[in-house]
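A short write-up of the structure that comes next.
The values are calculated or read from the model by the stated rules, or taken from the named source; none is laboratory data. Not measured: the values here are computed from a predicted model. Glycine gets a Cβ as well: all are built from the backbone with ideal geometry, and neighbour counts include every protein chain shown. The area values use the complete protein model at the heavy-atom level, side chains included, leaving out ligands, DNA and RNA. Shrake-Rupley method; radii C 1.70, N 1.55, O 1.52, S 1.80 Å.
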Amino acid sequence: MIVVITGASKGIGRAIAEKFAAQGHTLILCARSLQQLTEAADAMQAAYPNCVIYYKAVDIGVKEEVDAFAAWILQTAGIPGIIVNNAAWFINSSIHSEDDGVLQGMMATNLYGAYYLTRALLKGMMQKQSGHIFNICSIASFKGAFNGGSYSISKFALAGFTKNLREEMKPYGIKVTGVYPGSVYTESWHGSNIDPQSIIPAQDVAGLIYAASQLSPQACAEDIIILPQDTEKFSPF
């Protein structure tokens, strides 16, 4: 199966890519940093020689780059069976004090990128009447948080996009799943005093997504919520 994953060079995106690579799927990966993406793709290819990996440096927050990426996907590999809209931008900020442009940047990466890429690839999936779209939202999609700022706004919006797209795609046999993680241990925690054993491994999120992708055609895991066991100790994202 052809699996498209954005933001695949590290963190949750890389863990998802590794999970599908281990099963021998064809992966189409993107991230902003070509160097990091190349290193990740080479490592996966060496570890899982039965998979096929294509990759391209893309800023998912720039529509022209997203459109070019989608055209390249269709030309290089064909119509995908799975799309994982994972790429995101996050900073701690407050609405009243964050810099001008933060909201626009968050929306461009966290919402518009997923919107434009999905739209560009949907037509072929609709014709095939099959496929599965995963949008990596956040537990911050459900509730406001101190210093959530524009990040939380953008993730609320991504959740709305997910829910509406799901209803639109049901007649075409295309599944749409919203994934709502709490604090996940990724590179953003490096250098902090956080114990990696106390928050969610990225591999757990990847495992849930892979399991959801393997359900029968008549079943859809519409929402996946995963939180640290001790939810009182950490921010929602």
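Which members of the range 161-178 meet the condition of being open to solvent by 30 Å² or more (accessible area, probe 1.4 Å) and either part of a helix (DSSP H, G or I) or at pLDDT below 95 (or both)?
Hits for the range 161-178 are PHE161, LYS163, ASN164, GLU167, GLU168, LYS170, PRO171, TYR172.
Every residue in the range 23-44 that is in contact with a helix residue (DSSP H, G or I) (Cβ under 8 Å, 6 or more places away or on another chain) and farther than 28 Å from PHE90 by Cα, please.
GLN23
Quick check, is LYS128 in contact (Cβ under 8 Å) with a residue 40 or more places away in the chain and either within 18 Å of the chain's Cα centre (by Cα) or at negative phi (or both)?
So LYS128 fits the description; yes.
Helices (runs of 4 or more DSSP H) wholly in the range 42-160 with at least 1 residues that are in contact with a strand residue (DSSP E or B) (Cβ under 9 Å, 6 or more places away or on another chain) and at pLDDT 95 or above - which ones?
Of the helices (runs of 4 or more DSSP H) lying wholly inside the range 42-160, those with at least 1 residues that are in contact with a strand residue (DSSP E or B) (Cβ under 9 Å, 6 or more places away or on another chain) and at pLDDT 95 or above span 63-76, 113-128.
Report, by residue number, each residue of the range 19-41 that is part of a helix (DSSP H, G or I) and either aliphatic (A, V, I, L, M) or open to solvent by 50 Å² or more (accessible area, probe 1.4 Å) (or both).
Scanning the range 19-41 gives LYS19, ALA21, ALA22, LEU34, GLN35, GLN36, LEU37, GLU39, ALA40, ALA41.
Counting only residues that are modelled with pLDDT of 65 or more and hydroxyl-bearing (Ser, Thr, Tyr), how many does the range 189-237 have?
4
Residue under question is GLY11, and the condition is that it be touching a Gly at 6+ places or on another chain (Cβ under 8 Å) and open to solvent by less than 30 Å² (accessible area, probe 1.4 Å); does it hold?
no
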